[in-house]
1. Only one of (1) more than 23 Å from the chain's Cα centre (by Cα); (2) part of a helix (DSSP H, G or I) is not met by B:N259, so which one is it?
2. Quickly run through region B:266-275 and pick out the residues that are more than 10 Å from chain A (Cβ to nearest Cβ) and more than 17 Å from B:P178 (Cβ to Cβ).
3. The conditions are (1) touching a Pro at 6+ places or on another chain (Cβ under 7 Å); (2) among the charged types (D, E, K, R); (3) crowded, with 20+ Cβ neighbours inside 10 Å, and A:E222 fails exactly one of them. Which is it?
4. Residues that are facing another protein chain (nearest Cβ under 8 Å) and not hydroxyl-bearing (S, T, Y): which strands (runs of 3 or more DSSP E) entirely in region B:173-234 hold 1 or more of them?
5. Report, by residue number, each residue of region A:320-336 that is surrounded by fewer than 19 Cβ atoms within 10 Å (Cβ to Cβ) and either in contact with a helix residue (DSSP H, G or I) (Cβ under 8 Å, 6 or more places away or on another chain) or on the phi > 0 side of the Ramachandran plot (or both).
6. Do we find that B:D111 is in contact with a strand residue (DSSP E or B) (Cβ under 8 Å, 6 or more places away or on another chain), over 23 Å from B:L56 (Cα atoms) and at pLDDT 95 or above in this structure?
7. Mind listing just one residue for me: the one in region A:192-215 that is buried (at least 18 other Cβ atoms within 10 Å of the Cβ) and of a type in the set (V, I, T) and, of those, modelled with the highest pLDDT?
8. Those residues that are under 32 Å from the mean Cα position of the chain (by Cα), within 11 Å of another protein chain (Cβ to nearest Cβ) and buried (at least 19 other Cβ atoms within 10 Å of the Cβ), I need them from region A:288-319; list them, please.
Number of protein chains: 2
Amino acid sequence: MRNILIIGSGKSSSYLIKYLLNKSHDENLHITVGDINIINANKLIGKHENANAIKLDVFDKNSRESAIKNADLVISMLPARFHIEVAKDCITCGKNMVTASYVNDEMQALDKQAKNKGLVFMNEIGVDPGIDHMSAMQVIDRIRDKGGEIILFESFTGGLVAPESDTNLWNYKFTWNPRNVVVAGQGGPAKFLQENAYKYIPYNRLFRRTEFLNIEGYGNFEAYANRDSLKYQSVYGLNNIKTLYRGTIRRVGFSRAWNLFVALGMTDDSYSIEDSENMSYRDFVNSFLPYSSSDSVELKFRHTLKIDQDDIIWDKLLELDLFSRTKRVELQNATPAEILQKILMDSWSLDESDKDMIVMYHKFGYELNGEKHQIDATMVTLGEDQTYTAMAKTVGLPVAMAALAILNGKIITPGVQIPINKEVYNPILKELEGYGITFKETEVPYFGYNPINV
Amino acid sequence: MRNILIIGSGKSSSYLIKYLLNKSHDENLHITVGDINIINANKLIGKHENANAIKLDVFDKNSRESAIKNADLVISMLPARFHIEVAKDCITCGKNMVTASYVNDEMQALDKQAKNKGLVFMNEIGVDPGIDHMSAMQVIDRIRDKGGEIILFESFTGGLVAPESDTNLWNYKFTWNPRNVVVAGQGGPAKFLQENAYKYIPYNRLFRRTEFLNIEGYGNFEAYANRDSLKYQSVYGLNNIKTLYRGTIRRVGFSRAWNLFVALGMTDDSYSIEDSENMSYRDFVNSFLPYSSSDSVELKFRHTLKIDQDDIIWDKLLELDLFSRTKRVELQNATPAEILQKILMDSWSLDESDKDMIVMYHKFGYELNGEKHQIDATMVTLGEDQTYTAMAKTVGLPVAMAALAILNGKIITPGVQIPINKEVYNPILKELEGYGITFKETEVPYFGYNPINV
């Protein structure tokens, strides 16, 4: 038996475990799921004979090391900041490792040691990052192999609620970490390239400069820019790219309404609100508005943000009960972002029967034989229920497939890797198709940003 | 002779040196002015027999220590971040010290050592902080001595251009460190109290929530909130205060126009613009606007920021030559804030004949015998020329007066101090009147934020 240690049995581990257990007989696998709390781990492995759950505190060196020593390969599904201790042990014990997280400087620093020991440290192999890398590089390499040159690459991903569960005015529910949604876009401007010009969007404009997208059968979407699109130029080798933009997908209208929170300062996570515990939602809103002895919070809000009386954006706020005098914050020393998150979770939490949806949209512009072309590629994946979500599926399956490929000697390039090479992405994308994760490609006229006739 | 060492001979040292030299015979003073570059120091001391200039590199321990050892009192006019090394030497050598800067944690940490050695470390005794503390505490203490209770304190200060030199559409020129003006308000929300309610303004709203002020003979002003007004509650002992607000004064209309820069992200100092060196001013503006192959930068700017064609705000931008195709940034790896500063310095630098102006406005609301009262106090000081500026006068004179009072045993309370006690502020405010720095007090009906008839 080959032992795979999965550390972390949170929301994104369900499909990962299911996939590996399904393969465990044919592939001679034993799966150990380690977590500080093994309730969910036990639920996910059931009574499967090729699996066990162990209590594993990632900050306890002994329990961590002994678990890793017994494994042939380690998958870390922990939050990204916790990978590094696991990674260092994998170096020490000589184990291959897989994560779905971005490579940070600490992880990158292990590259040489991993190479010296012949270890594969595969990262960024979930959905975003992950499937986005693989599906983009497959098209990019195909175009290059034909002799084409990529001049435009735009890529958009969103975790949304499935159409059948889309029941609120925001067309949004939390399908993943709510905190990341509330603070998204902070910490620096969005940077990207449009027709060879570097463009910068500050946080306060981010949700007002959206792009629109349409996916057949799923309707219209919008996207706001991710923080740093420029780094993909070197990662994907897009030396002569003119337009490079990555964004996050929402339903149309979300961003305009979200910007109200940004404008008032309600997404700030850098300081605590005085006496937050005893505030009503209305008090919270009022703390961002000028004092008045006569005017209502509602009118001050409309006036400050110039909201017309018949603007539908207002109904979105009412739906959240934002002006409630009775609902209380009940969080001590909370930041504005924490309070906003609580208010949103009242309205945007998934119901038991709700399903999620992952949407991805790539645009590839290229020049071949002096002519410009464009390929659009879209992928939509729906969740089954609240355990087997689209998020868990698109994150977990590529992780599982990569882990097995490494065990089987199909992925052998050592070092700190991301899935941008054919040996990695071709078999995995092929296998993902069998699970319904497919891209629909369309040839469209190259539009870029320079239409011939304005 | 008593030796006073002044470290730093920059813009704010002219009046300080002049005052001390004028007193040097009667008071038996010898003034040593130390600076890394002694050209300006020599200009300021002229051929006065009681003064000399020495080359002093504040980072060179030996030259710093030997200068401090020879002094009876040290005045540091360096940028605030450089005081601490001087302060530590003053502890070691047992010397009193005066600065015009805010007390930071490092300085505060020296309090016990200063007390143990019986040393006075007087800080925040320039104009803001300085004259604001003294003039406010004088009125606050007077009200308290009568048995009144302060319920409202609002305080506004601005460094502006004198009316006779006010020649541009912004009614503003750089009379002090331009960089501080460009990044003002960043790094956290403005926090204050209005009628017992805590209020928070994020940076992106700061310049849209101004207060208006009128000073007889000088017309209308506006003020935007300073970052943290709340700390003045404990500093001034305003336990039952309902409204507490500090702000920065500009001429009316400045903030609305400034907010255009904030909205586009042009004041960001946290990242470098690609290829900034070779950009035109127009390219710089365009990097914050969406790409278009047909629309002009001007129209994109107007559209993005919703500027009507007949809005005077537009003329303010044109006056800066913001859309110039020929003027170049010429700064390598510059941040947006650095580039904006350069553009503004083209237009807002003082001419040789320009004069500056310091404006201060306090509002004191209080309750006495069950009735509410209000006192407004205003101060306006004009500069004489570009050496003897209003800024140098209002910063330097209180520093000089405090230094002399310490030498003469009039200020004796040891430790890290700010000028909020009567022994300090009464004689200094009295003496400042002789130099034309006077407050005009007016009793006005208490308005607060709760007018009886709305």
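1. (1)
2. Hit for region B:266-275 is B:S272, nothing else.
3. A:E222 satisfies all of (1) touching a Pro at 6+ places or on another chain (Cβ under 7 Å); (2) among the charged types (D, E, K, R); (3) crowded, with 20+ Cβ neighbours inside 10 Å except (1).
4. Those strands (runs of 3 or more DSSP E) span B:190-194, B:197-201.
5. A:D321, A:F323, A:S324, A:R325, A:K327, A:R328, A:E330, A:L331, A:Q332, A:N333
6. yes
7. The selected residue is A:I201.
8. Correct list: A:F288 only.
The values are calculated or read from the model by the stated rules, or taken from the named source; none is laboratory data. Being a predicted model, the structure only gives us computed values, none of them experimental. Reconstructed Cβ throughout: ideal geometry from the backbone, glycine too, with neighbour counts over all protein chains shown.
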